[in-house]
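Coordinate-derived values only; no laboratory data. Everything numeric in this text was worked out from a predicted model, so none of it was measured. Every residue, glycine as well, gets a Cβ built from its backbone with ideal geometry; the counts of neighbours run over all protein chains shown.
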Amino acid sequence: MRRRGWALPLRPLKKTYANRVILCGDAGGFVNPITGEGVYYAMRTGEIAAKVVTEALEVGSTDEAFLSQYQVEWKGDFWKELKTNILFRDFLLNRAESIMKTVSKDEKLMEMSVGTGLGWLSSHEYKWKLTRHYLWLLLKSYVEAT
Ligand SMILES: Cc1cc2nc3c(=O)[nH]c(=O)nc-3n(C[C@H](O)[C@H](O)[C@H](O)COP(=O)(O)OP(=O)(O)OC[C@H]3O[C@@H](n4cnc5c(N)ncnc54)[C@H](O)[C@@H]3O)c2cc1C
């Protein structure tokens, strides 16, 4: 058998359902975009998929119109949090070096960055606190340098 590998998509696919198909976990791109962890999302999307498939079988309709409910449900469940992490990831990747320098100078910022990155703190809840603190630190270092 010929085996092939592929890099994980680091954000959910635009469409995670089709006729008689639902994509869960890595297959749907449900991975923490900062750490690459995906066990939580694999289990949660599996649970949501099981619920939607049960309902689909009960009403005898496994077409994509019915299965689209799966995407509605995972979006309602964790999309806000995941989307915030994707935005953070994109922002971080473009400015990695200067951000690391700034963050390493401040313990509170370091704690918030690591906490939201690794999922101990909610990035959705902390995004403005983190941004404000980061901007304040940038301003402070600018004033100190002039
Ligand atoms: C080295 C490594 C370390 C990781 N560490 C962490 C971590 O610490 N924490 C964390 O949250 N995540 C971690 N991850 C990511 C995590 O493992 C995945 O996000 C998670 O396992 C995804 O679950 P899944 O069910 O979507 O896919 P998988 O766990 O990959 O399950 C897919 C299953 O489908 C089977 N399969 C594939 N093709 C077929 C086929 N044609 N027919 C039948 N079966 C098939 C495979 O054999 C496999 O058993 C790590 C990943 C790697 C590679």
With a ≥ b ≥ c from the Cα gyration tensor eigenvalues, square-rooted, and the rule rounded for a/c under 1.5, otherwise prolate when a/b > b/c and oblate otherwise, segment 1-85 is oblate
Among Gly119, Ala96, Met43, the residue whose Cα sits farthest towards the positive end of the charge dipole of the chain, when +1 is placed on the Cβ of each Lys and Arg and -1 on the Cβ of each Asp and Glu, is Ala96
If the chain between Glu107 and Lys75 were fully extended at 0.36 nm per residue, the gain over the current Cα-Cα distance would be 8.2 nm
Measuring from the longest principal axis of the C-alpha atoms of the chain, the long axis of helix 123-145 (C-alpha) lies at a number of degrees, nearest 10, equal to 20 degrees
Under 5 Å from the placed amide H of Glu37, counting only residues 5+ away or on other chains, we find Asn32
Plugging the Cβ-Cβ distance of Ser61 and Asp26 into 1/(1 + (r/R0)^6) at R0 = 30 Å yields, to the nearest 0.05, a FRET efficiency of 0.65
With x for Gly and Pro, the residue-by-residue ³J(HN,Hα) of segment 29-40, computed from phi through the Karplus equation 6.51 cos²θ - 1.76 cosθ + 1.60 at θ = phi - 60° and given in whole Hz, is x, 8, 9, 4, x, 9, 9, x, 6, x, 5, 4
If one compares the long axis through the Cα atoms of helix 80-94 with the longest principal axis of the Cα atoms of the chain, the angle in degrees, nearest 10, works out at 50 degrees
Per-residue Cβ contact counts at 10 Å, fewest first, order Trp136, Trp128, Trp6, Trp74 as Trp6, Trp128, Trp136, Trp74
Rounded to one decimal in nm, the spacing of the 7 Å Cα→Cβ label points at Tyr40 and Asn94 is 2.6 nm
